Structures are given as structure tokens and as C-alpha cells.
1. If we keep just the residues of region 56-67 that are touching a Lys or Arg at 6+ places or on another chain (Cβ under 8 Å) and at pLDDT 85 or above, which is nearest to Gly285 (Cα to Cα)?
2. Out of the residues in region 230-257 meeting the condition of being of a type in the set (Phe, Trp, Tyr) and more than 14 Å from ligand 1 (Cβ to nearest atom), tell me which one is farthest from Leu52 (Cα to Cα).
3. Can you give me the number of residues within region 77-98 that are in contact with a Ser or Thr (Cβ under 7 Å, 6 or more places away or on another chain) and exposed (fewer than 14 other Cβ atoms within 10 Å of the Cβ)?
4. I'd like the full set of residues that are within 16 Å of ligand 2 (Cβ to nearest atom) and within 15 Å of Ile202 (Cβ to Cβ), limited to region 307-331.
5. When residues of region 234-252 are filtered for being closer than 24 Å to Thr334 by Cα and in contact (Cβ under 8 Å) with a residue 60 or more places away in the chain, how many remain?
6. Could you pull out the residue among His227, His211, His215 that is under 14 Å from Pro153 (Cβ atoms) and within 16 Å of ligand 1 (Cβ to nearest atom)?
7. State all residues of region 55-106 that are farther than 29 Å from Ile350 by Cβ and either among the basic types (Lys, Arg) or without any contact (Cβ under 8 Å) to a residue 60 or more places away in the chain (or both); if no residue qualifies, say none.
8. May I ask you to verify whether Ile350 is aliphatic (A, V, I, L, M), more than 15 Å from ligand 2 (Cβ to nearest atom) and under 17 Å from Phe143 (Cα atoms)?
Amino acid sequence: MSATETMTASRPNTDAASSTTAPSKPAIKPHLMTSTWHLQDPSTWNFWQRMLVRLDLLQQPKDAPKAPIRVGEKVPYYPAWRQHAWIFPRAAAPLVIHYAYMRLTGWTLHPVAAFFFYVISFKLFAVASVRKFNRMALRYGYFDGMAPRDGVPDTQSRKVVLSLLGTISIRPLFALCVAYDRHALPSLSWYFPLQLFLYACILDFFFYWYHRATHEVSWAWRYHKKHHMTKHPNPLLSAFADEEQEWGDILIIPFLTWLCMPVDFSTWWMCTTYILWVEALGHGGVRMYWPTTTTGSILRPLGMDLCLEDHDNHHRHGWKRSGNYGKQTRLWDTLFGTKLPRDECREDNIDWSYQAY
Ligand SMILES: [Zn+2]
Ligand SMILES: [Zn+2]
């Protein structure tokens, strides 16, 4: 990254501490990704930083045990079925509650009530997912373990939180507008796994080209550059991006996908919950062969499975020129020749006898 591409911020919340510095010394502007606030006295934290701490979402909070460094060891394997066993009941729970409500009362759920119900459910799922990734990292360490993981930047905590809230609020709003039928009982088809696979592949097709264009079309890079300020991301930075890119991630790509595959609300909900998991997973950095649940098992025999390390490498090795543009599959990266090699998840470096849990 060149010096001119390094962004600075005007008001870090460490301003108070630096105010005692002698005026003759030039002020040192911190890098955009500088994250020291969680090491400061809690009385200096702002509202957003307190929220992150109270929700227990920090990857490596102060005084917490540090993630082990496992450079040189083989990488454990996290089977897809364990992920499904964790995700599916949590994703389906709101549908079950909604179903029971309609059957037991004979009433329907008004779209406004449905909005609040599903947004809260989405938030609970997102919080549980981030906590799980963080716990897994404390057990298994991170990729490129000698380098520290980026935290929530001092100057960007409000943006980080609002970006996440936007993602998990606007997507359900969109689906309620286009797919919600208040008189239909929530239900899933027996071929939901196939629907999930197709939905993820279609979504990833649009995401792939949109993402690749932001890297390779010179005027579009400025809308994606902020997301790449992190070289060692954490799940809270999944939605951290320029506003133009956020609208693409949150709304435009899901809308194009739904136009191609107009599923009912229940199916959309399940697919989107799985997709949110994979989006956060890709920024988790946890050191293991962790295939994506939406498509990984099906595409693995073809060598097109996406795993956690792939998007981590996209951040670590890529800047304006990069690869691994897909975020649900490696299908499109394989077909269009943009796959990056894996560092630690090489086939000969995965310990298939060591299953993570
Ligand atoms: Zn990118
Ligand atoms: Zn990313």
C-alpha cells in the first residue's frame, strides 16, 4: 500500500490523551485501521464501543487469553455437517415460532411486526455467529498467525456498527416487501439444500462480477478501497466499506439474485441467514479448513470449494490487483481464472484426522 493510499482520520478518540503532548511536536495522524480504544480506560469509550464490548463481540479484548500461534502446524478440519448442526436450528427457530404463533392463535403476523421480529432474530444470529468465530480463534489461532488481527478502528466504531446494523435490517425489509405473504404459513421444501446451493451460486455470480469490477475498473476502485484497508480482517469488518459498496452488498446483489430465483419468504430467510454466516466467516481468520456451508461440500470434488482462507488471502495478498473474488463459492473464480493459491490450507497441509469442534 503506498503512502498516498493510506487514509487518515481527523478525530481519534485518543484525542484527549494526545492533548497533553507538547505543541511543538507534530501531531501523528493514525492509520485508519489503528485500534487501541479497547486498551484505554472504559470511561473513554463511546456509545458504539461500549455496545461492542457489552455484546462480547471483540475478537481479542483486553485481558482475554490470546489466540495461539500455530504457524508450521497442520490445519484442522471443520466438517460441514457440524456447521449445519449449528446454523440450521438457529436459522429455522424464527420460522418455527412464527408458524406456532399462526397455528395457535389463528392470527397472521402483520408485515411491520414481522419486520421487527425477523430483524431481531437476524441480529441474535449475527451476534451468536461472531462470538462463535471468536471462540474458535482462541482455540485454533489465526491464519498468518505471526501478524496481529485488525480490530475495530479507533475512529470507525460508529461506522462499523451502523454498517452491520444496516446489513441485518435492510435485507429483511427488502424481502418483506417482495416476498412476504402474511397469510402463508412458514414452511421449507424438502429440496431446500438444492435451493440454498443454487441461490448461493447465483448470488455469487453477481457478487463476483461486481467485486471484480471494483478491483479492475479504475474509477470503481475508490468504492471498494476502504474495505481493503484491513489486511487481517475480523468478522465485525465484514460490512465495513464505502457507502456505495455497502448498498451493493446489502441490497442490489440480493435483489438481482431474487429476480433470478424468486423464492418465498421462508426460503429467502434461510438462504440469507446461511449467506450472512459465510460473509462473516470469510472475515473470521480462524486457522482451519473451514468450507462454506452454502456450496462447499458440493463443489469440493470439482476443486471449486471456497474455504475461510480464500477471502482472508483476498485481503492479505490483494490490493487493487487481486483474486478470489467470490464470497460463497470458487466456481466463478475457477471458470474465469482468478483463483489465488492457498497458503496454509494446501491439501498436503490439512490434517483430516483432526476435526475441529
Ligand atoms: Zn475486494
Ligand atoms: Zn472482505
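The values are calculated or read from the model by the stated rules, or taken from the named source; none is laboratory data. The structure presented is a predicted model; accordingly, all values stated were derived computationally and were not measured. Here Cβ is always computed from backbone atoms with ideal geometry, including for glycine, and neighbour counts include all displayed protein chains.
1. The selected residue is Leu57.
2. Step one: list which residues in region 230-257 are of a type in the set (Phe, Trp, Tyr), which gives 240, 247, 255.
Still in the list and also more than 14 Å from ligand 1 (Cβ to nearest atom): 247, 255.
Details: Trp247: 23, Phe255: 30 Å.
Once the filter is applied, the top-ranked residue is Phe255.
3. Step one: of region 77-98, the residues in contact with a Ser or Thr (Cβ under 7 Å, 6 or more places away or on another chain) are 80, 83-84, 87, 91, 94-95.
If we keep only those that are exposed (fewer than 14 other Cβ atoms within 10 Å of the Cβ) as well, we get none.
Adding up the residues that qualify gives 0.
4. Matches in region 307-331: Gly326, Lys327, Gln328, Thr329.
5. Summing the residues that are closer than 24 Å to Thr334 by Cα and in contact (Cβ under 8 Å) with a residue 60 or more places away in the chain in region 234-252 gives 2.
6. Details: His211 fails: under 14 Å from Pro153 (Cβ atoms); His215 fails: under 14 Å from Pro153 (Cβ atoms).
Criteria check complete, one pass: His227.
7. Listed by number, the residues that qualify are Pro61, Lys62, Asp63, Ala93, Ile97, Ala100, Tyr101, Arg103, Leu104, Thr105, Gly106.
8. Details: aliphatic (A, V, I, L, M): yes; more than 15 Å from ligand 2 (Cβ to nearest atom): yes; under 17 Å from Phe143 (Cα atoms): yes.
Considered against the rule, which asks whether it is aliphatic (A, V, I, L, M), more than 15 Å from ligand 2 (Cβ to nearest atom) and under 17 Å from Phe143 (Cα atoms), Ile350 comes out as yes.
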